[in-house]
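Worksheet for the structure shown next.
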Amino acid sequence: YRCTPLARSAADAVRPPDPPPRHKLPYTRWRSITKLFRVAWEREPGVVEVVRVYATMGEYADGSLGEVFLRFGKPGATTMGLLNGLSIAVSIGLQCGVPLGDYCRQFIHTRFAPDGPVMTQEGVLDPDLRFCSSVLDAVFRYLKGRYLKEEVSVDDLCADTVVLDAANNSQEGG
C-alpha cells in the first residue's frame, strides 16, 4: 500500500536554478593585450631553459577583464590542450560573474615546473614579478596587479626567493 503516487506531475517537479547570465565579449574586441612571460628554470642541474608563455587578455569597453588565453612558445599537444581548457574555463567564469580575485587566490602560489626568475623581453629581471613558482603563479599575479588595482604584496614577490635562499644556505652549511 502506498500513500503517495510513484510519479510526480510536471508541475510538482523541482526546477533547478537558472544559470547566471553570461556577458560575452563582442565579436570585435574593444581591446586586447598580450603579455610575454619569460621564465628561466633549471631543467636539470646546470641546464637552464627559458620558457616563453603568452597571455592574451580581452577587455570589455570599461577596461574590465573578460577573457584570458594562455599559450607556450613551443608547446606539445597535451600542454596546449590543458592550457586551452583552463583558459576557456576561466574566461567563461569571468563572463558569468566569477570575481577575478577568486581565481587569483586559487592560482597564486601554485607550484610546478617551469618555475624561477621572470624576465622581460630585454632579458632583465621583471621588476613587477621577479620570481614565480609556476606559470599560473606569474600570470595571475600579473592579472591581480593590473585589474584588481591591488598592490602585489612582498610575500607574493619574495616567497620563492626566501625558499631558494633557505635551500642554498642549508646546502652550503651542511
Quiz item: Taking only pairs six or more apart or across chains, which ones have beta-carbon atoms under 9 Å, a first residue in region 103-122 that is under 30 Å from ILE92 (Cβ atoms) and touching a residue at least 60 places away in the same chain (Cβ under 8 Å), and a second residue that is of a type in the set (A, V, I, L, M) and in a loop (DSSP other than H, G, I, E, B)?
Solution: VAL118/LEU129
Quiz item: Restricting attention to region 34-43, does a residue exist that is among the aromatic types (Phe, Trp, Tyr), part of a strand (DSSP E or B) and either in contact with a Leu (Cβ under 7 Å, 6 or more places away or on another chain) or surrounded by 11 or more Cβ atoms within 10 Å (Cβ to Cβ) (or both)?
Solution: yes
Quiz item: Out of region 117-153, which residues are touching a helix residue (DSSP H, G or I) at 6+ places or on another chain (Cβ under 8 Å) and under 21 Å from VAL47 (Cβ atoms)?
Solution: VAL118, PHE131, CYS132, SER133
Quiz item: Has region 77-85 got any residue that is over 13 Å from the mean Cα position of the chain (by Cα), assigned to a helix (DSSP H, G or I), surrounded by fewer than 19 Cβ atoms within 10 Å (Cβ to Cβ) and aliphatic (A, V, I, L, M)?
Solution: yes
Self-check item: Some residue of region 56-71 being open to solvent by 60 Å² or more (accessible area, probe 1.4 Å), under 30 Å from PRO19 (Cβ atoms) and among the aromatic types (Phe, Trp, Tyr)
Solution: yes
Quiz item: Which residue pairs have Cβ atoms under 7 Å apart, sit 6 or more places apart or on different chains, and have a first residue in region 16-30 that is touching a residue at least 40 places away in the same chain (Cβ under 8 Å) and over 12 Å from CYS96 (Cβ atoms) and a second that is open to solvent by less than 90 Å² (accessible area, probe 1.4 Å) and aromatic (Phe, Trp, Tyr)?
Solution: LEU25/TYR60
Self-check item: Selection within region 44-55 - surrounded by fewer than 17 Cβ atoms within 10 Å (Cβ to Cβ) and at pLDDT 85 or above
Solution: ARG52, TYR54
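The values are calculated or read from the model by the stated rules, or taken from the named source; none is laboratory data. In this text the structure is predicted, and so the values were computed from the model without any measurement. Ideal geometry is used to build each Cβ from the backbone, glycine not excepted, and the neighbour counts take in all protein chains shown. The area values use the complete protein model at the heavy-atom level, side chains included, leaving out ligands, DNA and RNA. Shrake-Rupley method; radii C 1.70, N 1.55, O 1.52, S 1.80 Å.
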